[in-house]
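Everything on this sheet refers to the single structure shown next.
Just so it is clear, none of the values below were taken in a lab; they were calculated from the coordinates. Because the structure is a prediction, the values reported are computed rather than measured. Don't worry about glycine lacking a Cβ; one is built from the backbone with ideal geometry, like all the others, and counts go over all protein chains shown.
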Ligand code: NAP
């Protein structure tokens, strides 16, 4: 297929269509109903597969475009920011979207807030897929941080050889920590500044316990720093840390936005079910 961005450079918005009626929102006898999935997570990928398996639905997953080579997704995909909540509302209307699922990462607070505002403005139902956060169990030595700056300020008191597993976007928060060594793990290299003592490990989850155990041992890790992402894809590092008897510094989530009409669910299957109920009702 020809590159839809054309020869003149990147278009921030690309939509890969797959031969269904792409013009209207469909539904009610007019073809499949368009569902916008705000994605960038394993849950969103699972949800896109569930929705795409239904002939009455046309899922479009939206990605921010942070990763140059995202993993393949079922259904249609569009890439790039919308330009703000008003523009997202216009997009929802012009694409004839019948329901929106916010399946973004719990730390992606801005797009979630935009989704709440835009769906309200467009008069379209919003389903928020909020996977539960992680909770410490017996044998865990977890320490809470309120945000990344707080986490950075507390590293030196907890460890010297740190697995920094917070993604690539906010590694700069640790750039001034010069009394610890960091193994910085991310899908792609961070754009911003890095801590003075570090090694970069480019890798993409999901991660299994055995590999995480080996990683911590190989690098002599004595502290794991993570966001409270929740889910199974990246939780093995927490189990490996407990086995090794080392602390984990957990950056807790920002407050989740959402209006009174938002349907909140905690799994992809429940989100697919909520969409089906909305469209049936
Ligand atoms: P953010 O701070 O909440 O959003 C910043 C801006 O990026 C938004 O205002 C929006 O631009 C655009 N954007 C974000 N997600 C988008 C999406 N799914 N589709 C289209 N535009 C999107 O987001 P972020 O924390 O940078 O996260 C970006 C993406 O990475 C999200 O899709 C998220 O699910 C994924 N992700 C984030 C994290 C994390 O720790 N933050 C971890 C794993 C995955 P406009 O205002 O121009 O529309």
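Taken over the stretch 36-102, the convex hull of the Cα atoms encloses 80 Å³ per residue.
If I fit a long axis through the Cα atoms of helix 109-122 and take the longest principal axis of the Cα atoms of the chain, what angle between them do I get, 0 to 90°, rounded to 10? Long axis of 109-122 versus the principal axis of the chain: about 10 degrees. Please give the residues of the stretch 205-237, grouped as numeric ranges, whose backbone N is less than 18 Å from a label point set 7 Å along the Cα-to-Cβ vector of residue 169. Backbone N within reach: 205, 226-231, 234.
Can you order the peptides 43-54, 66-77, 211-222 by their average number of other Cβ atoms within 10 Å per residue, highest first?
Those peptides, ordered most packed to least, come out 43-54, 211-222, 66-77.
Length gained on full extension, residue 202 to residue 244, computed as 0.36 nm times the residue gap minus the Cα-Cα distance: 12.8 nm.
Per-residue ellipticity at 222 nm computed for the chain from its helices equals -8000 deg cm²/dmol, with DSSP H segments shorter than 4 residues left out and the rest contributing -39,500 (n - 2.57).
In the chain, the longest principal axis of the Cα atoms and the axis of helix 42-52 are about 20 degrees apart.
What the Cα convex hull of the stretch 142-251 gives, in volume per residue, is 86 Å³.
Across 118, 103, 180, mean-square fluctuation computed from a Gaussian network of the chain (C-alpha pairs under 10 Å connected) peaks at 180.
Cα centroid distance between the stretch 150-203 and the stretch 125-145, in Å? Taking the Cα centre of each part, the stretch 150-203 and the stretch 125-145 sit 21 Å apart. Here the stretch 72-115 and the stretch 29-53 have alpha carbon centers that stand 12 Å from each other.
Projected onto their three principal axes, the Cα atoms of the stretch 48-156 cover extents of 51, 31, 29 Å, largest first. For the chain, the longest principal axis of the C-alpha atoms and the axis of helix 268-280 are separated by about 20°. Normalised by 2.2 N^0.38 Å, with N the number of residues, the alpha-carbon radius of gyration of the chain equals 1.08.
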